[in-house]
1. What part of the accessible area of region 5-75, given as a whole %, is carbon or sulfur when the probe is 1.4 angstrom?
2. Please compute the length gained on full extension between residue 126 and residue 28, using 0.36 nm multiplied by the number of residues separating them and subtracting their Cα-Cα distance.
3. Could you state how much accessible area residue 100 has, in square angstrom rounded to the nearest 10, with a 1.4 Å probe and all protein chains kept in place?
4. Per residue, how many Å² of accessible area does region 5-75 show with a 1.4 Å probe?
5. Going from the alpha-carbon gyration tensor of region 5-75, what semi-axes, largest first and in whole Å, does one get by taking the root of 5 times each eigenvalue?
Amino acid sequence: MADNQTTWLTQESYDRLNAELFALKENRPVLAAEINERREEGDLKENGGYHAAREQQGQEEARIAYLEELLDNATIGEAPQESGVALVGTVVHVYYDDDEEDKETFLIGTRGLESSNPELETYSTDAPLGAALVGAKVGETREYETPTGDTVRVTLVEAEPYNPDLDIPRAMQK
């Protein structure tokens, strides 16, 4: 996270991320032992197990650093209860440039804290699209500028509070 930005989290999200952080830290000795064991197997240049364990260690340490900073700067709050307004913690349905066929559904939240549904994209309020939509009411059209300098019109069709209990991957929905 750049610039020590504040991140909004529900208590449930905070607890889940804190548990992940704890589990990653608890795994450090196991990973260190794995690396030492692989190191003793011989030539490190051709030791795939050693390199894989070191790569996993690097990924876990990066995730630990990210989670520590995120949780240190998080603001704990309640998920929005209001429908019809695009807020942090809402799933929104939009269309672009007055083309009702060009639709997209996503969660307004924080990058790196995606929903449990891999098909539900998360847009940060720091992103031009997310920033443009926050506070918009159903039916309202807003404009934002893309990184390439183009202006895009986005119309809010629906906004509902995010409910992780209903967040089931589409492939598993009946």
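1. 48
2. Numbers: separation 98, 0.36 × 98 = 35.28 nm, distance 3.28 nm.
Result: 32.0 nm gained on full extension.
3. 110
4. 64
5. Numbers: eigenvalues 214, 25, 10 Å².
For region 5-75, the ellipsoid semi-axes come out as 33, 11, 7 Å.
The values are calculated or read from the model by the stated rules, or taken from the named source; none is laboratory data. From a predicted model like this one, the values you see are computed outputs, not experimental measurements. Areas reflect the complete protein model, heavy atoms only, side chains present, ligands, DNA and RNA absent. Shrake-Rupley method; radii C 1.70, N 1.55, O 1.52, S 1.80 Å.
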